[in-house]
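Student: Could you have a look at this structure, given as structure tokens, before my questions?
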Amino acid sequence: MQQVHSVQVGDMKKEIDLRNVPKARKQLTILVVGCGLGGLAAAYALGQAGHSIIILESSPSIGEVGAGIQVCPNLSRILIRWGLEDMLKSAAERDKPAWFTFHRYDSGEVIGMSRLEGKLDRDHGAPWYVVHRADLYDMLLSIASPYMNLRTNSKVVSLNFEDPFRPFVTLQTGEIISADLIIGADGINSVVRDHVTGQTEIPLSVPTGDLAYRVVLPTHTFKDDPQLKPLVEEPRIRCWIGPGRHIVGYCIRNRREYNMVLIKPGDSHSYSWTAEGDLREMRDGFNGWDPCLRKLLSRADSVLESALLICRPLKTWIHVGGRVVLLGDSCHPMLPYRAQGSAMAIEDAAVLGNLFSRLSNTAQIPELLKVYENLRHARVSATQAASTRNRRVYHLPDGIEQQQRDTAMRSAMQEELLQYGMAKDVQHPFTSSCGNPNAWSDKNKNAEQFDYDPDVAVDEWWALNATGAFLGQHKCEIAGQL
Ligand SMILES: Cc1cc2nc3c(=O)[nH]c(=O)nc-3n(C[C@H](O)[C@H](O)[C@H](O)COP(=O)(O)OP(=O)(O)OC[C@H]3O[C@@H](n4cnc5c(N)ncnc54)[C@H](O)[C@@H]3O)c2cc1C
């Protein structure tokens, strides 16, 4: 896996080893609020950059609840750079999906296929994994732990900015903790965000009208059932799409478990990652769907349920004082229909880590935060929009638009199958897969989503823009590597 890239500074060009992260000349004490995937990634990236990290987590213990997560190439690239390749392989090598397939909701007929292993990973220079969320969490914890002081049972209830250079948080217990920089990685219902935006009166998170159920089934009996056997024998990401709802399924834990996310309309449930859902309500929501799915759902004995919320667009992620900033779901939650929420949080963390590895005095903090926001805002806004676009594509009611969608998806599928010598009967005229409703077959969309590299983004920005007060310091640092 490529770990170096070229940086051009004036006439000088050099391959820089991305794993050899420079340490900041000025060490900060940084408070990270929230120990989710985003908070852990921030702890690692900023700790590795030489800063001292305290993580405050409201829950009494840390970890992720059961369910799978897709680690697309833009995320696996970062994790591999952070030294996690062996762990990813050991947790999920046998689950690596060969294809992303779309199925008609009632019959299960395949209407779209995109090749992942051997194509998408090759095109974008990093693999596509599907892992258990708890495993991903443990991987990040293993690399972040040396750098962080973790405090559980530490719910932040307010922030205070009286001392502009040393903001502090107040915990539910009344304890006060100050820092040079505070990072809100406290998820969709962020307390830190309320202080950044000053909009404590108006709820910023809004329901999307979609409800997500998450089910994990043991697979040891699948091989005895001809209908379920292919699910473990041919690892794919399967996505059944139907009117107003869809289901995504794939193997995790080296095919020992089958993970499903089921989306249907629903609104009256509070947002929580750990809330138990109603099994009957979930099954009733998918009456008339593919019999294979019905069989899977009949085997579930528990389900997690969460209402999907998004957040009104924020003008800024940075408190006016320049010492508090947001990251991940606290500032840009998105529908999970492009499998990018955690990837965006971890990219945020990687950008912050890279930028703050260049810090030489505290006066630079507000400027570096502004650079972070500038580098990240457009990227995550585009990803949010892509995720929302998929909602419309997936949830079309049966009718003319749905038929047009299916025809276009089949077209792109034929192109993909031809490349693999698997097209038997070419019934549809070929179209360019660019603009195809199957976003995974759209080369342009894939390049936009999966080629992004946070370290390249920062290094390029730096090479082009670090001027004035920064330049004396940082041009020397970059030049030092040349
Ligand atoms: C059904 C579903 C499927 C998904 N699938 C994918 C996928 O395949 N790929 C992908 O990349 N993303 C996926 N996502 C998105 C992803 O899960 C989220 O974007 C990601 O978990 C956000 O991480 P975070 O660290 O920003 O927030 P969170 O994970 O919400 O973490 C926030 C943390 O802050 C803590 N906290 C909250 N308030 C306080 C407080 N006041 N004081 C102290 N601590 C506090 C919380 O306890 C929590 O530990 C999916 C999401 C859903 C709903």
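Student: Using protein chains only and a probe of 1.4 angstrom, how many square angstrom of LYS370 are accessible, to the nearest 10?
Tutor: 90 Å²
Student: Next question. Assuming R0 = 25 Å, can you tell me the calculated FRET efficiency for the pair GLU117 and ARG256, based on Cβ-Cβ distance, to the nearest 0.05?
Tutor: Efficiency computed from Cβ-Cβ geometry: 0.80.
Student: If I take R0 = 35 Å and measure r between the Cβ atoms of ARG294 and GLN27 in this structure, what FRET efficiency does the formula 1/(1 + (r/R0)^6) give, to the nearest 0.05?
Tutor: Working from the Cβ atoms, E equals 0.05.
Student: Quote the charge dipole size of the chain about the Cα centre in Debye, to the nearest 20; the model charges only the Cβ of Lys and Arg (+1) and of Asp and Glu (-1).
Tutor: Computed charge dipole of the chain: roughly 340 debye.
Student: What distance in nm lies between label points placed 7 Å from Cα along the C-beta direction at THR362 and THR316?
Tutor: My value for the distance between the label points is 2.0 nm.
Student: Now a separate question. Mind ordering 181-190, 140-149, 44-53 by average Cβ neighbours within 10 Å, highest first?
Tutor: So the order, starting with the most tightly packed, is 181-190, 44-53, 140-149.
Student: Additional query: What do you get for the angle between helix 400-419 and the principal long axis of the chain? Use alpha-carbon atoms, 0 to 90 degrees, nearest ten.
Tutor: Here the helix axis deviates by roughly 80 degrees.
Student: Related question: What whole number of Å gives the distance from the Cα centroid of region 118-171 to the Cα centroid of region 75-95?
Tutor: Each part reduced to its Cα centre gives a spacing of 17 Å.
Student: Using only Cα atoms and rounding to the nearest 10 degrees, what angle (0 to 90) does helix 341-356 make with the longest principal axis of the chain?
Tutor: That helix lies at roughly 20 degrees to the long axis.
Student: Using amide H atoms built in the peptide plane, which far-off residues or other-chain residues are under 5 Å from TYR105 H to H?
Tutor: Those lying under 5 Å, H to H, from TYR105 are ILE241.
Student: Rounded to the nearest Å, what's the spacing between the alpha carbon centres of region 372-392 and region 332-362? Just the number, please.
Tutor: Each part reduced to its Cα centre gives a spacing of 13 Å.
Student: I've got another one for you. From Cα coordinates alone, what are the radius of gyration and Dmax values for region 353-402 in angstrom?
Tutor: 19.3, 61
Student: Please tell me the relative contact order of region 250-373 in percent, rounded to the nearest whole number, where contacts are Cα pairs under 8 Å and at least six residues apart.
Tutor: For region 250-373, the relative contact order is 20 percent.
Student: Here's a follow-up. Counting only heavy atoms of protein chains, what accessible area per residue, in Å², does the chain have with a probe of 1.4 Å?
Tutor: So the chain comes to 40 Å² accessible per residue, rounded to a whole number.
Student: According to the square roots a ≥ b ≥ c of the eigenvalues of the Cα gyration tensor, what is the shape class of region 175-327, taking rounded for a/c under 1.5, prolate for a/b larger than b/c otherwise, and oblate for the remainder?
Tutor: Prolate shape, in that a/c is at least 1.5 and a/b is the bigger ratio.
Student: Nearest 0.05, what FRET efficiency do GLU109 and CYS434 give at R0 = 22 Å with Cβ-Cβ as r?
Tutor: Calculated value: 0.35.
Student: Using the Kirkwood radius over Cα pairs, work out the Stokes-Einstein diffusion coefficient for region 272-330 at 4 °C and 1.567 mPa s, in µm²/s as a whole number.
Tutor: 86 µm²/s
Student: Provide the gained length on full extension for the span ASP284 to GLN199, in nm with one decimal, where the gain is 0.36 nm per separating residue minus the Cα-Cα distance.
Tutor: Result for the pair: 26.7 nm of gain on full extension.
Student: Separate question: To the nearest 20 debye, what is the magnitude of the charge dipole of region 318-382 about its Cα centre, counting +1 on the Cβ of each Lys and Arg and -1 on the Cβ of each Asp and Glu?
Tutor: It works out to roughly 80 debye.
Student: How large, in Å, is region 136-237 by the Kirkwood hydrodynamic radius built from its alpha-carbon pairs?
Tutor: Radius from the Kirkwood sum: 18.3 Å.
Student: Hey, another quick one. For region 94-185, rounded, prolate or oblate, judged on the Cα gyration tensor with a ≥ b ≥ c (square roots of eigenvalues), a/c < 1.5 rounded, else prolate if a/b > b/c?
Tutor: Prolate, because a/c is 1.5 or more and a/b exceeds b/c.
Student: Helix-only estimate, please: 222 nm mean residue ellipticity of the chain, summing -39500 (n - 2.57) across DSSP H runs of length 4 or more and dividing by its residues, to the nearest 500.
Tutor: My calculation for the chain gives -11000 deg cm²/dmol from helical runs alone.
Student: If a/c stays under 1.5 just call it rounded; otherwise compare a/b with b/c (prolate if a/b is bigger, oblate if not). Do that for the chain, with a ≥ b ≥ c from the square roots of the Cα gyration tensor eigenvalues.
Tutor: Prolate.
Student: With a 10 Å radius around each residue's Cβ, average the other Cβ atoms per peptide and rank 246-256, 157-167, highest first.
Tutor: The densest-packed peptide leads the list: 246-256, 157-167.
Student: Share of region 305-429's accessible area from carbon and sulfur, percent, 1.4 Å?
Tutor: Carbon and sulfur: 56 percent of the exposed surface of region 305-429.
Student: Would you mind checking LYS264/LYS295; LYS89/LYS229; LYS370/LYS443; LYS96/LYS223; LYS89/LYS443 for any pair whose Cα atoms are more than 21 angstrom apart?
Tutor: Where the Cα-Cα span goes over 21 Å, the pairs concerned are LYS89/LYS229; LYS370/LYS443; LYS89/LYS443.
Student: Something else about it: Can you pull the accessible area of GLU109 for me, 1.4 Å probe, Å² to the nearest 10?
Tutor: Surface accessible to solvent at GLU109 totals approximately 80 Å².
Student: Any chance you could look up the accessible area of LYS89 with a 1.4 Å probe, heavy atoms only, rounded to 10 Å²?
Tutor: In the full protein context, LYS89 sits at about 90 Å².
Student: Please give the residues of region 89-116, grouped as numeric ranges, whose backbone N is less than 17 Å from a label point set 7 Å along the Cα-to-Cβ vector of LEU418.
Tutor: Once the point is set 7 Å along Cα→Cβ of LEU418, 112-115 turn out to lie under 17 Å by backbone N, inside region 89-116.
Student: Quick one: what are the phi-derived ³J(HN,Hα) couplings along region 25-42, Karplus 6.51/-1.76/1.60 with θ = phi - 60°, whole Hz, x for glycine and proline?
Tutor: 3J(HN,Hα) across region 25-42, in whole Hz: 6, 10, 8, 10, 9, 10, 9, 9, 9, x, 10, x, 4, x, x, 5, 4, 5.
Student: Could you please put THR208, THR383 in sequence from largest to smallest accessible area, using a 1.4 Å probe?
Tutor: My answer, sorted largest first, is THR208, THR383.
Student: Cβ neighbours within 10 Å, averaged per peptide: list 408-421, 340-353 in order, most packed at the top.
Tutor: Result, highest mean first: 340-353, 408-421.
Student: Any idea what angle helix 133-144 forms with the longest principal axis of the chain, computed on alpha-carbon atoms, 0 to 90 degrees, nearest 10?
Tutor: 20 degrees
Student: Taking the C-alpha atoms of region 224-311, how large are the radius of gyration and the largest Cα-Cα span, Dmax, in Å?
Tutor: Considering region 224-311 through its Cα atoms, Rg and Dmax are 13.6, 45 Å.
The values are calculated or read from the model by the stated rules, or taken from the named source; none is laboratory data. A quick note: this is a predicted structure, and the numbers were derived from the prediction, not measured. Heads up, the Cβs are rebuilt from the backbone with ideal geometry, glycines too, and the neighbour counts pull from every protein chain shown. Calculation scope for accessible area: heavy atoms of the full protein, side chains included, ligands and nucleic acids excluded. Shrake-Rupley method; radii C 1.70, N 1.55, O 1.52, S 1.80 Å.
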